[in-house]
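Asker: This structure is in structure tokens; I'll ask about it shortly.
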Amino acid sequence: MTPQTLAQKLVARAAGKESVTPGEIVTCKVDLAMVHDSSGPRRLKPVLERLGAKVWDPARLVVITDHYVPAYDEESRKILRIAREWVREAGIERFHDAEGICHVVLPERGYLRPGMFAVGGDSHSPTGGAFAAYMFGVGATEMLGVVVTGKIWLKVPHTIAMHFDGALAEGVCAKDVMLFLIGRFGMDGGGYHAVEYRGPAIRKLEMQERMTLCNMTAELGGQTGLIASDDVTRDYLGGEIELWDSDRDAELLAEHRFDAAHIEPQVGAPHSPANSRPVSEFREKVDVAYIGACTGAKLADLRMAARVLKSRKSRAKLLVAPASVRDRQAAEHEGTIKVLLEAGAELLPSSCGMCAGYGEQLLAENTVAISSTARNFKGRMGSASAQVYLASPYTVAASALAGRIADPREVLA
Amino acid sequence: MKAWVFGDNVDTDAIAPGRYMKLGIEEIARHSMETVLPEFASSVKKGDFVVAGRNFGAGSSREQAPEALKHLGIAALIAESFAGLFYRNAINLGLPALVCARAKRIRAGDELELDCARGELRNLSTGEELGCEPIPAFLMTLIRDGGLVPHLEKRLRCNTTS
């Protein structure tokens, strides 16, 4: 049999085939589908009723409210009400209401296992690929197709390998790796193929850091981001797991090799993550520092910010929205939240919030912000005149202290 | 009909701004492209085309992005390339999205004529023939049915009668 990449193996399993070839169109059985309050029940319910159809397998559908929580007006209350009522009608037991952002809640509840084929009604669904599951984002209509049939078509992707030797330097993390790659290859560098992260530097990363890599594969333009399962995956998930990896000599569309130690903290200038360059090229003053989102406010991210902020005071307005309730509780328990609060942080709800331009807290006109989120498109986080710089939690924290964009390595040294 | 021309990497926040997502498609469509071309939503006519450079529709999975353009009456999208997720959403809604390597030769306001299935695109203003990649046959079936929902409706109906 032709050697297969991890992506090919996962797709082949879901398509019921021994092997698949890039470019071939296959129909895959979906092991798990996830929707949130914005893309989910409010859009699925009316069409399911119109079709007279039911959820193909309620046990395989996970519903998580994160975009409109907490509700802040009549429309958001209505959207949440529809979600809460619909899960009861449809018999969905895996419903997580205001417990955090879907991409973080899904693995923390152990729903994802290596080898799975999964879809999510959100563009950051490639996050699941960190668990050696083939997971990608789809729109509401496509999700409806999955919910009715349990299947989805797929053009088998090529694989682009991003190989990192060595280890990341102190004060540099997965977010910097992704800004570096997007700056280098552009927002369509992934070509809607599978992007596989591999090499010694990746193996050393904890699960939530791996999730950040796969998460921002969306901004790199890949269909999914993948990482082979290993001991780190097993330790996070608990119990026995399947080991999935690419065959050594599987054909790749491209393989890019980097020395992880040479990657510096990166900053993505307005209004695109593709405008990323090393932090040393920036000195802009910042009004707001935001630690938030599935990309940048998981427990691992909060710890990074706390390491920089410990026993110091933020000059900029510092906002922290932990990515999930469990992560927030763990951060409270271990003292991380206390460090952030003592630095002057204002704690916001664990939801998508400002990152997606939802909720009450948005950037005012002409605000300059530095953010640990994934996207700085014009107007996304509030006013179209706001300037948003993207960076790692380390760099956001260091910039909050300085009141201007700053290199976290100077604080951590 | 007329071409509305955009650049590279037009993102879903430009096409369907997040702050209007809680509202209906009519309201979202009214704000479509307002940060890049403010007059677009109020001036576009039924049957017009959206023409763009690389990676049109980058960003979110929100299908209100292609839905807003369809709601405004856009007949088809023509770009050098599309973000993969956006492309799937457009086709699922029955909005043709065609990849055209020479999309950047089209100027704002040019009159275009398109045959989706054959991938034939003619610029009536310049007389130029601009080939597009034809949409794969199985996706044309979805478009002809008006999108995935009408397609499923048809299929479910067949299943109950058979």
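What follows draws every value from the coordinates through simple rules; no lab data is involved. Quantities reported herein were computed from a predicted structural model and do not represent experimental measurements. Virtual Cβ from ideal backbone geometry, glycine too; neighbours counted across all protein chains shown.
Asker: In straight Cα distance, which lysines are under 26 Å from A:LYS317, not counting same-chain residues fewer than 8 positions off?
Answerer: Answer for A:LYS317, where 26 Å is the Cα cut-off: A:LYS175, A:LYS285, A:LYS298, A:LYS338, A:LYS378, listed by chain and number.
Asker: If you don't mind, another one. Considering only DSSP states other than H, G, I, E and B, which trypsin sites (Lys or Arg not before Pro) in the stretch A:27-74 qualify as loop sites with at most 16 other Cβ atoms within 10 Å?
Answerer: When the trypsin sites (Lys or Arg not before Pro) of the stretch A:27-74 are filtered for loop state and at most 16 Cβ neighbours within 10 Å, A:LYS54 remain.
Asker: Another question about this same structure. Which residue, B:GLY53, B:GLY109, B:GLY127, has the most motion in a Gaussian network model of chain B that connects Cα atoms within less than 10 Å?
Answerer: Fluctuation is largest for B:GLY127.
Asker: Another question about this same structure. Counting only residues 5 or more places away or on other chains, whose amide H sits under 5 Å from the amide H of A:GLY222 once H atoms are built in the peptide plane?
Answerer: Those qualifying (amide H under 5 Å, at least 5 residues apart or on another chain) are A:GLY190, A:TYR192.
Asker: While we're on this one: Given R₀ = 25 Å, what would the calculated FRET efficiency be for A:ASP259 paired with A:MET1, taking r from the Cβ atoms and rounding to 0.05?
Answerer: Given R0 = 25 Å and the Cβ-Cβ separation, E is 0.15.
Asker: Hey, how many Å between the Cα centroid of the stretch B:1-55 and the Cα centroid of the stretch A:110-128?
Answerer: First find each Cα centre; the distance between them is then 30 Å.
Asker: Please compute the Kirkwood hydrodynamic radius over the stretch A:206-323, one decimal place, Å, based on all pairs of different Cα atoms. Display every interim value, and only then the final one.
Answerer: Numbers: mean 1/r = 0.0576 Å⁻¹.
Averaging 1/r across every pair of different Cα atoms and inverting gives 17.4 Å.
Asker: Please express the shape of the protein assembly as shown as an equivalent ellipsoid: the semi-axes are the square roots of 5 times the eigenvalues of the C-alpha gyration tensor, given largest first in whole angstrom.
Answerer: Equivalent ellipsoid of the protein assembly as shown: 35, 27, 25 Å, largest first.
Asker: Can you give me the P(r) profile for the stretch A:45-100? Cα pairs, bins 5 angstrom wide beginning at 0, each as a whole percent.
Answerer: 4, 19, 26, 24, 17, 9, 2
Asker: Can you give me the Cα centroid spacing of the stretch A:148-163 and the stretch A:351-413 in angstrom?
Answerer: One Cα centre to the other: 32 Å.
Asker: Based on the Cβ-Cβ distance from A:ARG81 to B:ILE25, what FRET efficiency comes out when R0 is 22 Å, to the nearest 0.05?
Answerer: Between A:ARG81 and B:ILE25 the formula returns 0.60.
Asker: If the cut-off is a Cα-Cα distance under 18 Å, which lysines reach A:LYS17, setting aside same-chain residues fewer than 8 apart in sequence?
Answerer: Output for A:LYS17: A:LYS9, A:LYS29, A:LYS151, A:LYS155.
Asker: Do any cysteines in chain B lack another Cys Cβ under 4.7 Å, and if so which?
Answerer: B:CYS116, B:CYS158
Asker: Average partner chain C-beta neighbours within 10 Å, per residue of A:306-313?
Answerer: 0
Asker: Of all chymotrypsin sites (Phe, Trp or Tyr not before Pro) in the stretch A:1-102, which ones are in loop regions per DSSP and have a Cβ with at most 13 other Cβ atoms within 10 Å?
Answerer: none
Asker: While we're on this one: Would you tell me the mean number of C-beta atoms belonging to other protein chains that fall within 10 Å of each C-beta in B:88-95, as a whole number?
Answerer: 4
Asker: In whole Å, how far is the Cα centre of the stretch B:66-80 from that of the stretch A:269-317?
Answerer: Centre-to-centre distance over Cα atoms comes out at 36 Å.
Asker: Now a separate question. Quickly work out the A:ARG248-to-B:ARG107 label distance, labels modelled 7 Å from Cα along the C-beta direction, and quote it in nm with one decimal.
Answerer: With each label placed 7 Å out from Cα toward Cβ, I get 6.0 nm.
Asker: Relative to the compact globular guide of 2.2 N^0.38 Å, what is the alpha carbon radius of gyration of the stretch A:105-230, as a ratio?
Answerer: 1.03
Asker: Which three lengths, in whole Å and largest first, does the stretch B:1-143 cover when its Cα atoms are put on their principal axes?
Answerer: 41, 33, 24
Asker: For A:GLU365 paired with A:LYS54, estimate the spin-label separation in nm (one decimal), with each label point 7 Å from Cα along the Cα-to-Cβ line.
Answerer: Spacing of the two 7 Å Cα→Cβ label points: 5.5 nm.
Asker: Need one number: % antiparallel among DSSP beta bridges in the stretch A:217-336, to the nearest 5.
Answerer: 40
Asker: Return the lysines within reach of B:LYS2: Cα separation strictly under 24 angstrom, same-chain partners fewer than 8 residues apart disregarded; answer none if there are no such residues.
Answerer: B:LYS45, B:LYS46, B:LYS70, B:LYS104
Asker: On the first, second and third principal axes, largest extent first, how far apart are the outermost C-alpha atoms of the stretch A:197-266 in Å?
Answerer: Ordered largest first, the stretch A:197-266 gives principal extents of 35, 31, 23 Å.
Asker: Trypsin sites (Lys or Arg not before Pro), restricted to the stretch B:1-82: which are DSSP loop and have at most 10 other Cβ atoms within 10 Å?
Answerer: Within the stretch B:1-82, the qualifying trypsin sites (Lys or Arg not before Pro) (loop, at most 10 other Cβ atoms within 10 Å) are B:LYS46.
Asker: Same structure again: So if R0 is 22 Å, what FRET efficiency would A:ASP235 and A:GLU334 give, r being the distance between their Cβ atoms, rounded to the nearest 0.05?
Answerer: 0.80
Asker: Can you give me the long-range amide H partners of A:SER276? Hydrogens built in the peptide plane at 1.01 Å from N, cutoff under 5 Å, separation of 5 or more residues or another chain.
Answerer: Under 5 Å from the amide H of A:SER276: A:GLY183, A:ALA269.
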